[in-house]
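What follows is a short report on a single structure.
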Amino acid sequence: MKLIFISIIFLLLNFGSDTNNKQQLLCHKWRQIGVKNYGKSYKAIDKSMSELISFKLDGTFEKELYGRLHFKGRWLFSNDSSKLAIGIYEMNGKILIGNEIPFHNKFANDSIIKLTKDTLIDGQLKYYGAEKRYGHDDVYYLREE
């Protein structure tokens, strides 16, 4: 009986640790270094054209594109921490319409393909209208200090 009780406690304590570990890994500054578009080969991205995204533990992020477009938004994991939801609520200091819409992890459709202390590969779900099919573009990031 003690063994069952201890096993249950151990499982409960470890249940949230994967999410916490992924949050600790994700919540840093990441520089885009390349992209592999659906059905195409990997392509390196010049730093001047890359995005810089900084995830914070409070569930917010800041993103910079081309050194001149600045976004703020919210992020969260799916229930199993395998997918990521990102919602933008501000662009260049202006609040975007629709920010009042509830943000929930049911919107998590970016697959976390790889997440380590120095690498993030984000599989972004896309609809390819001309082909009438779904696929994903893999966006490659390296952690910046």
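Observations
- Flag for residue 25 being touching a strand residue (DSSP E or B) at 6+ places or on another chain (Cβ under 9 Å), at pLDDT 90 or above and not in a strand (DSSP E or B): yes
- Selected residue (criterion: nearest to the chain's Cα centre (by Cα)) from residues of region 23-39 that are open to solvent by 50 Å² or more (accessible area, probe 1.4 Å) and basic (Lys, Arg): 29
- Elements of type strands (runs of 3 or more DSSP E) contained in region 65-125, each with 3 or more residues being modelled with pLDDT of 95 or more, farther than 20 Å from residue 38 by Cβ and over 14 Å from the mean Cα position of the chain (by Cα): 69-77
- Qualifying residues in region 126-145 (those that are in a strand (DSSP E or B) and either among the charged types (D, E, K, R) or in contact with a helix residue (DSSP H, G or I) (Cβ under 8 Å, 6 or more places away or on another chain) (or both)) - the one nearest to residue 22 (Cα to Cα): 143
- Residue 128 being of a type in the set (Ser, Thr, Tyr), in contact (Cβ under 8 Å) with a residue 40 or more places away in the chain and open to solvent by 30 Å² or more (accessible area, probe 1.4 Å): yes
The values are calculated or read from the model by the stated rules, or taken from the named source; none is laboratory data. Remember, predicted model here, so these are calculated numbers, not experimental data. Don't worry about glycine lacking a Cβ; one is built from the backbone with ideal geometry, like all the others, and counts go over all protein chains shown. All accessible areas refer to the heavy atoms of the entire protein, side chains included, with ligands and DNA or RNA removed. Shrake-Rupley method; radii C 1.70, N 1.55, O 1.52, S 1.80 Å.
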